[in-house]
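The values are calculated or read from the model by the stated rules, or taken from the named source; none is laboratory data. Note that this is a predicted model, so its numbers are computed, not measured. Neighbour counts run over all protein chains shown; Cβ positions are idealised from the backbone, glycine included.
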Amino acid sequence: MRCARRHERHVIAADPAAVRDLLIRLEQGVALAGLTPDERDCTLLVLGEVLNNVVEHGYAGAPGWIGLMPGPRRDGRDWRIVDHAERQVPEGCFRAEMPEEAAEGGFGWPLIMALTEAVATRRRAGFNVMTLQMRADTAGQDAPPRQAGAEGGLQAGACGG
Amino acid sequence: MELSISRHGAVTVVRPAEARLDAMAAVMFKDRMKSTIEGAGARVVLDLSAVGFLDSSGLGAVVAVQRFLRAGQALELAGLTSAVERVFRLTRMDRMFTIHGGLDDALRAEA
């Protein structure tokens, strides 16, 4: 299995263009090379949702940066995202359900929850740190969203995306 | 977000030229679709065969396009790639649209 480089890390500006560029680089890079095409697509989708959520709701238009690096497993399914936004992920996001009707928003977090086996956030020294592990099987993607682990400091509030 | 538009009888086929329908492209996609639909016939087929990445913003934009339809107009989808089909299926938005396997299937289908 090809693994992410030990010191691979990315720091991007908090804007949608930078997120897109990073996803394209990841798609072509070594970090996801050990995954099946379905696993790679799901990982890129989840990372895109998380990063754009930080842009849109964390920094909410203010300038900022986002760091992305492989987690300890370094197998392409384990990621850590760090930002310095004042706003954290609202706790309600982890319980967000897929909209029942044709909706123009509200899909982002339910998609994240459907495609990951673990998501956790914490606030440390003014930084937001999110860790996530992708589901190992892509066959079970229709499973209903489940509640994520939260290590404290989460805010109640509306969930974007 | 450039859209390629062609007419096949009563069917207007719209094909995004870019491979990504994401948070960066969603607003422009909606704007372009709005003006396209104004001049379209009864059936509008969105051919997504060139789109390999669609996120929740892109999905929301496709759903939003339905608001622009006139009475008697329908938006149908065709050519979903596996990554795009997965997003529609997981969000259950595949139930909100008529989805054709490919553009040929869409053109052969009855309104």
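Each row is one residue, and each column tells you yes or no for (1) closer than 26 Å to residue A:28 by Cβ; (2) surrounded by fewer than 22 Cβ atoms within 10 Å (Cβ to Cβ); (3) among the aromatic types (Phe, Trp, Tyr).
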{"position": "B:52", "(1), (2), (3)": "yes, yes, no"}
{"position": "B:55", "(1), (2), (3)": "yes, no, no"}
{"position": "B:65", "(1), (2), (3)": "no, yes, no"}
{"position": "B:76", "(1), (2), (3)": "no, yes, no"}
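Do we have residue A:61 as under 21 Å from residue B:27 (Cβ atoms) and either in contact with a Ser or Thr (Cβ under 7 Å, 6 or more places away or on another chain) or free of Cβ contacts under 8 Å to residues at least 12 places away in the same chain (or both) here?
For residue A:61, the condition - under 21 Å from residue B:27 (Cβ atoms) and either in contact with a Ser or Thr (Cβ under 7 Å, 6 or more places away or on another chain) or free of Cβ contacts under 8 Å to residues at least 12 places away in the same chain (or both) - is met.
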- line: Only one of B:40, B:23 is facing chain A (nearest Cβ under 10 Å), among the aliphatic types (A, V, I, L, M), buried (at least 19 other Cβ atoms within 10 Å of the Cβ) and in a loop (DSSP other than H, G, I, E, B), namely B:23
query: Does residue A:87 meet the test of being buried (at least 21 other Cβ atoms within 10 Å of the Cβ) and farther than 23 Å from residue B:21 by Cβ?
result: no
- prompt: Mind checking whether some residue in the stretch A:38-48 is away from chain B (no Cβ under 14 Å), in contact with a strand residue (DSSP E or B) (Cβ under 6 Å, 6 or more places away or on another chain) and modelled with pLDDT of 85 or more?
  reply: no
field: Within the stretch B:72-110, tally of residues that are in a loop (DSSP other than H, G, I, E, B) and within 14 Å of chain A (Cβ to nearest Cβ)
entry: 6
task: Return only the number of the condition from (1) within 13 Å of chain B (Cβ to nearest Cβ); (2) at pLDDT 95 or above; (3) surrounded by fewer than 21 Cβ atoms within 10 Å (Cβ to Cβ) that residue A:14 does not satisfy.
output: (3)
task: Among the residues of the stretch A:90-137, count how many are over 17 Å from the mean Cα position of the chain (by Cα) and either over 23 Å from residue B:63 (Cα atoms) or surrounded by 21 or more Cβ atoms within 10 Å (Cβ to Cβ) (or both).
output: 4
field: So residue A:34, is it modelled with pLDDT under 95, touching a Cys at 6+ places or on another chain (Cβ under 7 Å) and exposed (fewer than 15 other Cβ atoms within 10 Å of the Cβ)
entry: no
